[in-house]
Amino acid sequence: MALQESGEMYVEAIYVLSQTSSTVRSIDVGEYLGYSKPSVSRAIGVLKKEGLVETDDSGFLKLTKEGKLLGKHIYERHTVLTQVLINLGVDEKTASEDACRIEHYISDKTFNAIKKHIKKYGSK
């Protein structure tokens, strides 16, 4: 499955929101990402077709097993890359914004090399 960057953003948002709340609604995702209700609705429909998201009888969003794995993977990239950029002297806001862009394009090989480097030499 080759999910586009925007799809990954939605999966990551649902993953992050589900870490702090037992219920995630489409409106929560829209507010988190700053997207309109119709955009969120379309994206959730695509994610459902991809088998990454389900909705319960109350309309709450829930990541499938595959969706959780993808969300965790994307979020790990975001947090690791943010910390690397902060350690390089980038302010936190810019580091997070840039990490959000990079996380969707960096190869697994490069990302794993970064993690290996951090493990060996530390994050500072």
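Every number here is computed from the coordinates shown, using simple stated rules; none is lab data. Here the structure is a predicted model, which is why all the values come from computation and not from measurement. Because the Cβ atoms are built from the backbone with ideal geometry, glycine has one as well, and the counts that use them run over all protein chains shown.
Some points to look at:
- Alpha-carbon Rg/Rh ratio, for segment 10-124, with Rh computed the Kirkwood way: 1.03
- Within segment 76-124, the chymotrypsin sites (Phe, Trp or Tyr not before Pro) that combine a DSSP coil assignment with at most 10 other C-beta atoms in a 10 angstrom radius are Tyr105.
- Placing +1 on the Cβ of every Lys and Arg and -1 on the Cβ of every Asp and Glu, with nothing else charged, gives segment 73-121 a dipole about its Cα centre of roughly 340 debye.
- Within the listed set Val46, Val11, Val24, the residue fluctuating most in the Gaussian network model of the chain (springs between alpha-carbon atoms under 10 angstrom) is Val46.
- Evaluated on segment 73-121, the Kirkwood hydrodynamic radius is 10.7 Å, with distances taken between all distinct Cα atoms.
- Residue with peak Gaussian network fluctuation, the chain [Cα springs, cutoff 10 Å], from Thr82, Thr23, Thr110: Thr110
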